[in-house]
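A quick write-up on the structure given underneath.
The values are calculated or read from the model by the stated rules, or taken from the named source; none is laboratory data. In this text, all values refer to a predicted model and were calculated from it rather than measured experimentally. Cβ atoms come from the backbone with ideal geometry, glycine included; neighbour counts cover every protein chain shown. Protein only, heavy atoms only, side chains kept; ligands, DNA and RNA dropped before computing areas. Shrake-Rupley method; radii C 1.70, N 1.55, O 1.52, S 1.80 Å.
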Amino acid sequence: MRLSHRSLCFSLLFVVLPTLQVRADDELFSKVAIDSVFTTASSKQTSESSSPSISIEAGSPKVETIDDLDELFPLAKEIDDDAVREFGAIRLVSRSDKWSFSTRMTIQGDSPKVVFEMALVTLDEAPIENERAIWLSLMEAGQASRATFFGINRETAEDGKQGQLVLRSTMSAVGLTTESLRSKLQSLSQFAVENSSAWSQFRAKPTENTAKAAVKEFSLVGQWLATPVSGEAYAIDLKAVSNGSGAFQLVHVKDSKSTVSSGKYSLKDGQFSLAAESGDPLVFPLTWSDADQFELEIGTVKVNFKRQK
């Protein structure tokens, strides 16, 4: 058994049908009506007038039930100002002592529960000493804590690595408040710290080549296309960066339907961020293949984009 680190990240939808040709800015988007829509897995396709608004007042003692991520996100932002929406999830950083843990939260079930997945360490292929004993100690620790256990996330395993060691847990979304959510995150962080002497032995030491690859970046300015499946494609136009961010226009076409969004983009430490004109920024990992090709990790799917010349 092995684990890997990765943020399950984001949903970037910009699709162009195979018949749509990209030549210049005006031609790239001329056939698409701009709807100013930037959707996520939890957002609802309703008009502003028909969509119920959720407001959580400071000091409010209780929220009856948290049914979706739109309702959970304000609570997450009160705990971590840098909390972000990903594809079907919310990610924030939970801290305990000198430790910081990237934690992914989702909503599941008819009697909704918040599902937590706290990233601990990414494992590679190389075996370590006393590995069996380490796993047994982690299994025993998880069994001793109700609804909390160590597991492996293999969905976004990198080349040469087995997966990510995570700490998983759940709690009811009924009557959930900012303070009860904060308390749960703190208890999970403390539980991870208490067992760090075991799982930290899996921590891989980065090689020199890995460190160099992590900082290698090229220019994003230009037009990019991706066609992950037949009948679907993504098109994005990225302008020059000023003060750390640049303008983008994003098109998603599928089943003869199109969605267009615009706003600001940025790239920092391998994290590609899109901030539409309304709503919260979306963030997902970006990996360069070369100067004319990069890969975005959108949720559990990796989408390859090629520069249009």
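Residue under question is LEU28, and the condition is that it be modelled with pLDDT of 50 or more, surrounded by 12 or more Cβ atoms within 10 Å (Cβ to Cβ) and not assigned by the TED database to the domain that holds LYS184; does it hold? The answer is yes for LEU28. Inside segment 241-286, can you point out the residues that are touching a Gly at 6+ places or on another chain (Cβ under 7 Å) and of a type outside the set (D, E, K, R)? Answer for segment 241-286, where residues must be touching a Gly at 6+ places or on another chain (Cβ under 7 Å) and of a type outside the set (D, E, K, R): PHE248, TYR265, SER266, LEU274, ALA275, ALA276, PRO285, LEU286.
For SER261, the conditions (1) in contact (Cβ under 8 Å) with a residue 60 or more places away in the chain; (2) in contact with a strand residue (DSSP E or B) (Cβ under 8 Å, 6 or more places away or on another chain); (3) open to solvent by 50 Å² or more (accessible area, probe 1.4 Å); (4) among the small types (Gly, Ala, Ser) are fulfilled apart from (3).
Looking only at segment 79-88, filter to residues that are touching a helix residue (DSSP H, G or I) at 6+ places or on another chain (Cβ under 8 Å) and closer than 18 Å to LEU188 by Cα; which one of those is surrounded by the fewest Cβ atoms within 10 Å (Cβ to Cβ)? Filtering first and then ranking leaves ILE79. Of all residues in segment 77-93, those satisfying the criterion of being closer than 17 Å to ALA276 by Cα and part of a loop (DSSP other than H, G, I, E, B) are ASP82, ALA83, PHE87.
If a residue must be open to solvent by 70 Å² or more (accessible area, probe 1.4 Å) and closer than 18 Å to TRP288 by Cα, how many such residues does segment 221-238 contain? Looking only at that region, the number is 1.
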